[in-house]
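The values are calculated or read from the model by the stated rules, or taken from the named source; none is laboratory data. These figures come from a predicted structure and were not determined experimentally. Please note: Cβ atoms are built from the backbone with ideal geometry, for glycine as well, and neighbour counts cover all protein chains shown. Remember, those area values only see protein heavy atoms, side chains included, never the ligands or the DNA or RNA. Shrake-Rupley method; radii C 1.70, N 1.55, O 1.52, S 1.80 Å.
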Amino acid sequence: MNKKFLDKNWLIKIADNPIIFICILCFLLRLVFCFFIFPIIGLPNIESVDIDHHGAIASSIYHGHGSVAESASQSRIARGSLYPLFLAFIYTIFGGENLLFVQFAQSLLGVFTCFVVYVIAHKIFGKKTALISALLVTFYPPFIWYTARIWTETMLTFLVSILVLCLIQFLSSPTKRKALLLGAMLGFVNLCKPLLIFLPLLLLFVLVALYGTRKKEIIVNIFLIALSMFLVISPMIYRNYKMSDHSVFVETLARNIIGGDLNIEKGIGLKEKRLLSNREILDTYDSIIRSIELKSGKRYGVAEQDVVMLNYLFHKYLSSPLFLLKKMAIQSVQFWYLGGSKGRCLLFAIMQLSLLIPGLLGIFFAIKNKLFVLPLLLIIFYFVFVHSLVITSARYSIPIM
């Protein structure tokens, strides 16, 4: 055995870094849940481990058939590509399609997220708060729950945490190199889920507020962020163009917005305390598209339908701005608690409030003490705003919790 391994100084250094033990605990806790608890209490009580068909697309990629739908030959442009590619990579590394392999890999992502959150909190608040933050990441139930499922939340949470770290570095002292790095990270987040496509526009206003006298530098940095983001997602744009003969930025969006409208029009989230089913959304979407096609005398492909539907929604909100405001107000609250049933809504509300209440207090004291929490607030605000427009669910709040 290597004597250096038993060196007392080495052991002392490890003992002086409790984040290492927290990360190990984070990993073991997820493995125990995924391998032993989830098969007993989780699998019998969920609709599907792969409800969004990312695993099915990954399976198709793994077998060399490309990014196609679950068991059909129709190409999919309604999903970001990064998560299915990640799954296909896991299948290739481990030599087979097995949920345990995915759970193991996602447990590692959970550890990386824990460490990145520690670094973020250490930079802004100090070591004590950083350790508490890492412990919260380790034990927060939804983080553990989603590790066991083939859903994007675990990867997206990891990517968003790195994005926040890049945002802190950039906003504290903007440089061209930091702008390029931030843009690239923004591209990877959007490849996982295209939520932050318009963040560069928001950053423009933030930079003007922070560094208004350096206008030329601001314009250059925003351009570099947008360019870097575009370069990262350009393979996806090209793939979508080859599939549909039309430019689709990362994935189609109109169906999710229609889902948000239905949620408010039918009062499903408020009255029934449940989520809309994909079938309800698709039926309404298809009905509107058929109506538009009858009026125009044209047939639209998948990408064209998205453009036509976005145009339809734009005119709808223009003629009824009060409905849009009502939708945004209700869904910005439902974003934190809405689940698939009354029981799940209550459970989410309890778990979320346990962090949101001290979080709001933390924001108040951080601003009072002039700590640099702007990057955190920026991402939180953006997430809530976007999900007030599209179909909402407590699931979507996970990356910013």
Sole miss for Ile218 among (1) open to solvent by less than 20 Å² (accessible area, probe 1.4 Å); (2) farther than 25 Å from Ser388 by Cβ; (3) part of a loop (DSSP other than H, G, I, E, B) is condition (3)
Among residues of region 140-171 being among the β-branched types (Val, Ile, Thr) and touching a Lys or Arg at 6+ places or on another chain (Cβ under 8 Å), the residue farthest from Phe38 (Cα to Cα) is Ile168
Only one of (1) within 22 Å of Ser107 (Cβ to Cβ); (2) loosely packed, with under 13 Cβ neighbours inside 10 Å; (3) at pLDDT 80 or above does not apply to Pro44, and that is (3)
Can you say whether Met236 is surrounded by 15 or more Cβ atoms within 10 Å (Cβ to Cβ) and either in contact with a Lys or Arg (Cβ under 7 Å, 6 or more places away or on another chain) or at pLDDT below 85 (or both), as far as the supplied structure shows? yes
Log entry, pairs with first residue in region 311-325 being closer than 14 Å to Glu265 by Cα and in contact (Cβ under 8 Å) with a residue 24 or more places away in the chain, second being among the acidic types (Asp, Glu) and open to solvent by 90 Å² or more (accessible area, probe 1.4 Å), beta carbons closer than 9 Å, six or more apart or on different chains, reads Phe323/Glu265
Checking Met351, Met309 in turn, the sole residue that is farther than 21 Å from Phe385 by Cα, open to solvent by less than 40 Å² (accessible area, probe 1.4 Å), at pLDDT 85 or above and of a type outside the set (D, E, K, R) turns out to be Met351
Within region 275-291, of all residues that are buried (at least 16 other Cβ atoms within 10 Å of the Cβ) and hydrophobic (A, V, I, L, M, F, W, C), the one farthest from Gly339 (Cα to Cα) is Ile289
* Within region 62-82, is there a residue that is out of contact with any helix residue (DSSP H, G or I) (no Cβ under 8 Å at 6 or more places or on another chain), open to solvent by 80 Å² or more (accessible area, probe 1.4 Å), at pLDDT 90 or above and under 28 Å from Leu195 (Cα atoms)? -> no
Residues of region 144-161 being in contact with a helix residue (DSSP H, G or I) (Cβ under 6 Å, 6 or more places away or on another chain) and among the hydrophobic types (A, V, I, L, M, F, W, C), in sequence order, are Ile144, Ala148, Ile150, Met155, Leu156, Phe158, Leu159, Val160
Looking across region 162-185 at residues that are under 22 Å from Leu109 (Cβ atoms) and touching a residue at least 60 places away in the same chain (Cβ under 8 Å), the single one that is surrounded by the most Cβ atoms within 10 Å (Cβ to Cβ) is Leu167
| field | Leu210 of a type in the set (A, V, I, L, M), more than 29 Å from Tyr62 (Cα to Cα), more than 17 Å from the chain's Cα centre (by Cα) and open to solvent by 20 Å² or more (accessible area, probe 1.4 Å) | value | yes
From the option list Val307, Val373, Val302, single residue qualifying as touching a strand residue (DSSP E or B) at 6+ places or on another chain (Cβ under 9 Å), at negative phi and touching a residue at least 12 places away in the same chain (Cβ under 8 Å) is Val302
Next on the checklist: Given the condition free of Cβ contacts under 8 Å to residues at least 40 places away in the same chain, of a type outside the set (Val, Ile, Thr) and not in a helix (DSSP H, G or I), answer yes or no: does some residue in region 376-393 qualify?
Outcome noted: no
